[in-house]
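Worksheet: one structure, shown below.
The values are calculated or read from the model by the stated rules, or taken from the named source; none is laboratory data. The model shown is predicted, which means the values in this text are computed figures rather than measured ones. Counting neighbours? That spans all protein chains shown, and the Cβs are built from the backbone with ideal geometry, glycine included.
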Amino acid sequence: MNSGTMKILPFLAASIAMLSMFGCSSDAGSPTNAISSSSGSVSSKEELDAKATDAAEPMAEPAAPAAEPQTKAAAGKGKGADIAVVTTSMGVIKFEFLSKLAPGTVKNFTTLANKKFYDGTRFHRVIKGFMIQGGDPNTKPGNEGNGPAGTGGPGYQVKAEFNETRHVAGIVSMARSQDPDSAGSQFFIVHETAPHLDGQYTAFGKVIEGMNVVNKIAETPTHIDEPVTPVIVKTIRIEKRK
């Protein structure tokens, strides 16, 4: 795996070496930029055994399952609270923010969204039963020359805010590289519970509408974890909860 790609390491003892890259760059504010030295991505269970030969992947064992997350108290659930509205080529996904658990990460995401940073990007890595990942500016039309999908970012990094939130279906979290503080712009939405990610990646949101869309994206045909038919993030807008 390339040192400029970020991965989330799941817990597994299989010997299948599927090396796909998530990506956030250290050069750009994301885990791994096309030219950055650090990268961020999420690793599936099948990729865990390959970590011994992949210097870019975290080598530490996954943390023990975290306590039941206090998402109700941590999320802005009241009327008027900010939510993210992700309009994709396959439907709309809405998620609330875990502002009390990851304030810096939420601020970074909303700032990028308000700048239309995510508009036109793709969900470049999709693994059914695990997660869907996007947020890389290199996936925008015309940006291919900046580096491969999974290695781009905003040009800076965000400090990790690991918390007690469990990575169950619908949780939105940040992709990163081996460096805990290497996240930037790339994020992923959990498709099915992945306890090996708990305490290892910054969870900052929770889907409140459109999980059926997440399911559709997760089930779309892929080639080496990349959708055969591009799944476009048309826009991400920050709106007030009604």
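Conditions (1) over 26 Å from D198 (Cβ atoms); (2) within 15 Å of the chain's Cα centre (by Cα); (3) buried (at least 24 other Cβ atoms within 10 Å of the Cβ), marked per residue:
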site	(1), (2), (3)
G104	no, no, no
K116	yes, no, no
D119	yes, no, no
R125	no, yes, yes
G134	no, yes, yes
N163	no, no, no
H167	no, yes, yes
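Here A84 qualifies as outside any loop (DSSP other than H, G, I, E, B), hydrophobic (A, V, I, L, M, F, W, C) and modelled with pLDDT of 95 or more. Taking region 172-193 as the range and being surrounded by fewer than 24 Cβ atoms within 10 Å (Cβ to Cβ), in contact with a Pro (Cβ under 6 Å, 6 or more places away or on another chain) and within 20 Å of V86 (Cβ to Cβ) as the test, no residue passes. Please verify whether K140 is under 17 Å from the mean Cα position of the chain (by Cα), modelled with pLDDT of 95 or more and under 26 Å from N114 (Cα atoms), treating the condition exactly as stated. Spelling it out, K140 is indeed under 17 Å from the mean Cα position of the chain (by Cα), modelled with pLDDT of 95 or more and under 26 Å from N114 (Cα atoms).
For residues that are more than 17 Å from the chain's Cα centre (by Cα) and among the polar types (S, T, N, Q), scanning just region 194-226, find the one that is surrounded by the fewest Cβ atoms within 10 Å (Cβ to Cβ). Per the stated criteria, the residue is N212.
Residues S43, S99: which one is surrounded by 16 or more Cβ atoms within 10 Å (Cβ to Cβ), in contact with a helix residue (DSSP H, G or I) (Cβ under 8 Å, 6 or more places away or on another chain) and either among the aromatic types (F, W, Y) or modelled with pLDDT of 95 or more (or both)?
Numbers: S43 fails: either among the aromatic types (F, W, Y) or modelled with pLDDT of 95 or more (or both).
None of the others qualify; the one that does is S99.
So which residues in region 206-234 are at positive phi and not charged (D, E, K, R), if there are any at all? Selection gives G210, I224. Checking each residue in region 195-223 for being over 13 Å from A175 (Cα atoms) and hydroxyl-bearing (S, T, Y) picks out T220, T222. Taking each residue of region 92-111 that is closer than 19 Å to V190 by Cα and looking for partners that are in a helix (DSSP H, G or I) and modelled with pLDDT under 95 with beta-carbon atoms closer than 7 Å, six or more apart or interchain, yields L98/T71; L98/A74; L101/A74. Modelled with pLDDT of 95 or more and either farther than 24 Å from N215 by Cα or out of contact with any Lys or Arg (no Cβ under 8 Å at 6 or more places or on another chain) (or both), is that true of Q157? Answer is yes for this residue.
Can you pull out every residue in region 79-89 that is aliphatic (A, V, I, L, M) and buried (at least 18 other Cβ atoms within 10 Å of the Cβ)?
Within region 79-89, the first condition is being aliphatic (A, V, I, L, M), and the residues that meet it are 81, 83-86.
Across region 79-89, the qualifying residues are I83, A84, V86.
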